[in-house]
Amino acid sequence: MPSVHRNSIVKGRWLKLVLIMVLGASCILPGTFYLTRSTQADAAGTARNAKQEVIPKKYQDGSYDQYLAQHQNAPRPDTKIVIEGESFTSADGMSPSIVQGIPGLSGQAVETDEEGSLTWTFDIPQEGMFQIAVRYYQLEGKSADIDRELYIDGDLPFTESKNVLFHRIWANEGEMQQDDRGNDLYQKQIEKPLWQENYVQSPDGSHTDPYFYYFSQGQHTLTFVSARERMLIDTITLKQPDKVLSYAQVSAGYDVQGYAPASNVLLKIQGEAAVLKSSQVLYPMMDRTRSTEPYNLTKIRLNTIGGYNWSEAGQWLTWNIEVPKDGLYHIGIKAKQNFQRGMTSYRKMYIDGNLPFVEMVDIGFPFSTDWEMKELGADPGDSSKAEPYLFYLTKGQHEIKMEVTLGEMADLLRIVESSVLELNSMYRHIIMITGTVPDEYRDYQLDKKLPDLVQTMLDQADILETVVEQAERLAEGGDRTAALTRLIVQLRDMAQNPETIARRLETFKSNTSSLGDWIYSINYMPLSIDYLVIASPDEKLPSAKASFWSKVKYNTGSFMLSFFTDFNALGAAKDSDKKISVWTTMGIDQAKIVKRLIDESFTNETGIAVDIKVVSEGVLLQAMLAGRGPDVAFPLGNDKPVNYALRNAVEDLSKYPGFDEVKQRFHESAMVPYQFNGGSMGCRWVRDSRSSIIARTYWKR
């Protein structure tokens with residue numbers, strides 16, 4: 001018993017000692033625990049920051065990224081190798097011809113067909129990586145961009161080299177015209193062939209810099225395979241890219257060279273006054289916002305350019321400016337990007353064909369529902385206002401060119417594209433075991449049959465998470481990364497619970513497909529331009545927004561004039577002896593598109609003006625029976641022409657020139673609903689035809 005008592009005493013003492021230690025530790029452990037948590041959080045934050053700087057890259061087989069990585073240590077010799085176009089060594093499937101006397105051409109050039117291939121042989125004095133620039137001239141064809149495949153020594157260096165585009169040059173035909181109601185008429189876009197030198201580069205903007213090609217020392221061949229359109233080739237030049245300095249370096253030389261700020265200069269260049277453009281869809285557009293210039297309360301003014309038409313990488317616009325004196329200037333751009341919510345559109349700006357400095361490679365225009373004045377300047381950082389850049393311009397005419405680029409989003413897009421391929425490959429391996437419709441009650445033990453499956457999911461989740469962080473940083477927030485976030489959550493959950501993969505396979509497939517949609521949407525960089533401003537530093541840039549009283553005046557005037565103005569009527573051209581009236585049951589926006597097509601082609605070719613009015617279908621029959629109907633009406637259901645023919649309200653279209661040609665475009669049965677008493681009282685609606693007015697109408701009175 002004494003021993004038991006002693007043991008109890010000892011145990012009691014030990015319990016007291018433990019209690020004292022626990023109580024003492026309670027004063028220390030919270031701080032220690034907090035310190036540990038803080039350290040872990042800091043470490044996690046550091047890891048996240050590190051992931052923002054470096055994203056693991058897995059290159060696609062045969063891609064340019066893989067090609068560039070393979071030759072990353074190759075030298076880049078400062079050597080220029082010029083290959084004359086007429087010095088080709090062989091041709092296959094085409095009959096090239098040597099031409100001369102083309103304006104802007106000194107010497108000779110070779111004319112290439114839209115089919116076949118042409119090969120040049122040349123020597124490389126020193127191995128290395130070179131960019132390839134082609135001086136070319138567009139020839140009359142199908143009005144599409146020129147497409148070529150580029151082979152080196154008979155092989156395709158990388159997959160992207162199979163799709164090399166050369167843009168055509170377009171311009172407005174003549175000055176802006178107005179119809180008899182005072183509305184601006186859409187101008188026809190015509191080709192304006194000029195010699196231009198462009199680098200071989202990514203047509204979709206996934207690589208912002210031109211492609212580099214590796215050449216070993218010795219003799220090589222270069223082959224262009226024609227995929228679309230003809231072109232003249234003057235020279236093919238292998239060279240290093242021009243060195244572009246930073247703004248800090250450029251501005252440091254202003255004082256040395258004696259450049260001083262200009263004074264009392266404020267120039268506006270209207271966006272719709274672009275003199276050259278890379279696509280025929282880059283025509284002036286209308287914006288009724290009060291702050292746009294010029295504007296009218298009731299008339300159509302084509303006062304902006306760009307919008308969703310100016311959204312694909314590589315598209316560009318060029319403006320000419322006349323500077324009154326030498327000096328340093330600020331440049332402002334009144335723009336609006338209200339198409340891609342939560343995204344930033346990027347533009348690259350050239351002055352007289354050159355990048356002024358590195359910062360002009362990717363000018364960002366964040367999402368905004370209103371017009372903004374973008375003064376080109378350094379990132380404000382923690383300050384409230386950016387420091388405007390100074391551009392040195394000499395007296396005389398200068399050219400400003402703005403080109404669509406993906407900017408910092410290009411790298412992220414390629415990474416997501418690689419992830420899509422990796423996830424699709426993973427999906428194919430899974431369905432090889434489960435089938436496309438797996439049994440949700442069966443454990444396929446995928447983590448054992450596919451040992452790399454769980455790790456692949458975790459790796460891709462980490463990569464996509466880093467893409468999300470960087471995309472949100474570039475877009476300054478927004479909800480455009482929801483598809484990526486949803487997939488990240490699913491990947492991590494499936495990696496943690498691999499037994500659930502089979503029954504979630506359909507959702508995983510859907511989420512992976514949404515990545516493709518994300519890539520497709522992010523590839524577009526729309527932007528509208530109202531005007532550009534060139535101002536001396538002592539001048540304040542104009543405000544992009546209308547004043548309060550100006551808005552009140554505009555809204556009040558618009559409301560009052562709406563009682564007297566027919567906004568559904570689109571007038572015909574002024575100077576035309578012949579005119580027809582057209583009623584359409586489509587919306588006003590669709591009617592404006594039809595009006596543009598008519599002004600560009602039909603009226604321009606025939607001299608017949610067209611007056612368009614938007615009406616409801618119910619009004620048409622009463623107007624026809626009252627003798628106040630139009631000459632042409634469209635589009636209507638195929639049961640309407642015969643219904644009107646019974647009332648002698650329509651004419652037989654088959655007696656008009658061009659009808660037989662239009663009829664051949666359709667199956668014979670397609671014309672049956674329009675036939676009555678041996679004639680055709682209407683025809684199908686043809687959206688892509690510009691050959692005749694009949695091809696665009698249902699029936700004629």
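Annotation: amide H-H contacts under 5 Å for Met176 (H modelled 1.01 Å from N, sequence separation of 5 or more, or interchain): none. Working note: Karplus 6.51/-1.76/1.60 with θ = phi - 60° gives the stretch 445-452 the couplings 6, 5, 5, 8, 6, 10, x, 8 Hz, where Gly and Pro are set to x.
Close amide H partners of Leu245, meaning residues 5 or more places away or on another chain with modelled amide H under 5 Å apart, are Val358.
Per residue and in Å³, how big is the convex hull formed by the alpha-carbon atoms of the stretch 587-635? Intermediate values should be presented prior to the final figure.
Details: hull volume 3.6 nm³, N = 49.
Hull volume normalised by residue count: 74 Å³.
First select every other residue whose beta carbon is under 11 angstrom from the beta carbon of Gln455; then total the charges, Lys and Arg +1, Asp and Glu -1. Net charge around Gln455: -4.
If you count only protein heavy atoms with a 1.4 Å probe, what accessible area per residue comes out for the stretch 267-334, rounded to a whole Å²? Mind dumping the intermediate values first?
Numbers: 2170 Å² over 68 residues.
With all protein chains present, the stretch 267-334 gives 32 Å² per residue.
Within the shell defined by Cβ-Cβ distances under 15 Å, the residues around Ala262 carry a net charge of -1, with Lys and Arg each +1 and Asp and Glu each -1. Coupling constants for the stretch 340-352 follow from the phi torsions by the Karplus curve (6.51 cos²θ - 1.76 cosθ + 1.60, θ = phi - 60°), and in residue order they are 10, 5, x, 10, 10, 8, 10, 9, 10, 10, 10, 10, 6 Hz; glycine and proline get x.
3J(HN,Hα) along the stretch 191-201, derived from phi through the Karplus expression 6.51 cos²θ - 1.76 cosθ + 1.60 where θ = phi - 60°, amounts to 6, 10, x, 9, 5, 9, 10, 10, 7, 6, 8 Hz, with x in place of Gly and Pro.
Dipole magnitude for the stretch 125-224: about 140 debye, using +1 per Lys or Arg Cβ and -1 per Asp or Glu Cβ, origin at the Cα centre. Peptides 331-341, 83-93, 267-277 ordered by packing proxy, namely the average of other Cβ atoms within 10 Å per residue, highest first: 331-341, 267-277, 83-93.
Run the accessible area of the stretch 129-270 with a 1.4 Å probe and give the carbon-and-sulfur part as a rounded percent. Intermediate values should be presented prior to the final figure.
Details: 2880 of 6220 Å².
On the stretch 129-270, the fraction of accessible area on carbon and sulfur atoms equals 46 percent.
Each peptide in 247-257, 282-292 receives the mean, over its residues, of other Cβ atoms within 10 Å, and ordering these scores from highest gives 282-292, 247-257.
Estimate the FRET efficiency between Ser216 and Leu421 by the formula 1/(1 + (r/R0)^6), using the beta-carbon distance for r and 45 Å for R0, to the nearest 0.05. Intermediate results must be reported in sequence, preceding the final value.
Details: r = 31 Å, r/R0 = 0.68.
For Ser216 and Leu421, the calculated efficiency is 0.90.
Applying a threshold of 32 Å to the alpha-carbon distances of Lys80/Lys268; Lys401/Lys578; Lys325/Lys592; Lys325/Lys553; Lys299/Lys401 flags Lys80/Lys268; Lys401/Lys578; Lys325/Lys592; Lys325/Lys553 as lying beyond it.
Amide H contacts of Thr235 (H built 1.01 Å from N, in plane; Pro and chain starts excluded): Gly85, Arg135 sit under 5 Å, all sequence-distant by 5 or more or on other chains.
For the stretch 88-138, which GluC sites (Glu not before Pro) are both in a DSSP coil and crowded by at most 16 other Cβ atoms within 10 Å? Please report the intermediate quantities before stating the final value.
Details: sites: Glu111, Glu114, Glu115, Glu127; in loops: Glu114, Glu115, Glu127.
Answer in residue order: Glu115, Glu127.
The values are calculated or read from the model by the stated rules, or taken from the named source; none is laboratory data. Model, not experiment: these values are computed from the prediction. Virtual Cβ from ideal backbone geometry, glycine too; neighbours counted across all protein chains shown. Side chains included, ligands, DNA and RNA excluded: accessible areas come from the protein's heavy atoms. Shrake-Rupley method; radii C 1.70, N 1.55, O 1.52, S 1.80 Å.
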